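The structure appears right after this line, and notes come after that.
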Amino acid sequence: WMVTVNRGLAFFAIWATAFLLMQRRGAEEAVKTARDELEIRVVERTADLKQANTVLTEQITEINQAQFALRDGEARLRGVMDNVVDGIITIDEQGIIDTFNPAAELMFGYPVADIRGQNVKILMPEPDNSKHDGYLEAFRQTGKANIIGTGR
């Protein structure tokens, strides 16, 4: 009876070991397949990132070149504005003074630090002073300029 039981247990142990080995092989195969798929995805993603990096590097180079050209153009314009003998004033859409060159300082008697950010109408005599904002609004709406002081 003991021999039969021992043989049964031995058979069960062999069967269980074989079953566990088959499960382990299946798990190892699944891990290998998952690892292979992951490696493929990593290679693809790395290639995508390298391509994106190349595009970004090109765009940054273009931006840097444009910024250099802009700074160079601004320096040239500043040189002209600072050395021209005529007074030059630029304003924004609301009539606020953006630039006021040294010749304009001499012409109007205001230092740039005091005049920048002010409405340009402070430089005009009446009646143009009080009409200026209306002229700007009409220009914004119609595109038709009314040149102050000319009657047109």
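Here are a few things to note about the model shown:
- Count - residues of region 123-139 that are surrounded by 11 or more Cβ atoms within 10 Å (Cβ to Cβ) and out of contact with any strand residue (DSSP E or B) (no Cβ under 9 Å at 6 or more places or on another chain): 8
- Complete set of residues in region 108-122 that are in a helix (DSSP H, G or I), over 36 Å from the mean Cα position of the chain (by Cα) and either surrounded by 15 or more Cβ atoms within 10 Å (Cβ to Cβ) or modelled with pLDDT under 85 (or both): 121
Okay, residues lined up against (1) part of a helix (DSSP H, G or I); (2) open to solvent by 70 Å² or more (accessible area, probe 1.4 Å); (3) under 30 Å from residue 137 (Cβ atoms); (4) not β-branched (Val, Ile, Thr):
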| site | (1), (2), (3), (4) |
| --- | --- |
| 33 | yes, no, no, no |
| 39 | yes, yes, no, yes |
| 42 | yes, yes, no, no |
| 47 | yes, no, no, yes |
| 52 | yes, no, no, yes |
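- Residue 99 meets all of the listed conditions (1) part of a helix (DSSP H, G or I); (2) open to solvent by less than 60 Å² (accessible area, probe 1.4 Å) but one, namely (1).
- Annotation for region 83-96: at least one member residue is assigned to a helix (DSSP H, G or I), open to solvent by 60 Å² or more (accessible area, probe 1.4 Å) and either closer than 30 Å to residue 122 by Cα or of a type in the set (Asp, Glu) (or both).
The values are calculated or read from the model by the stated rules, or taken from the named source; none is laboratory data. Fair warning: this is a prediction, and the values are worked out from it, not measured in the lab. Please note: Cβ atoms are built from the backbone with ideal geometry, for glycine as well, and neighbour counts cover all protein chains shown. Surface accessibility is based on the protein's heavy atoms, side chains included, excluding ligands, DNA and RNA. Shrake-Rupley method; radii C 1.70, N 1.55, O 1.52, S 1.80 Å.
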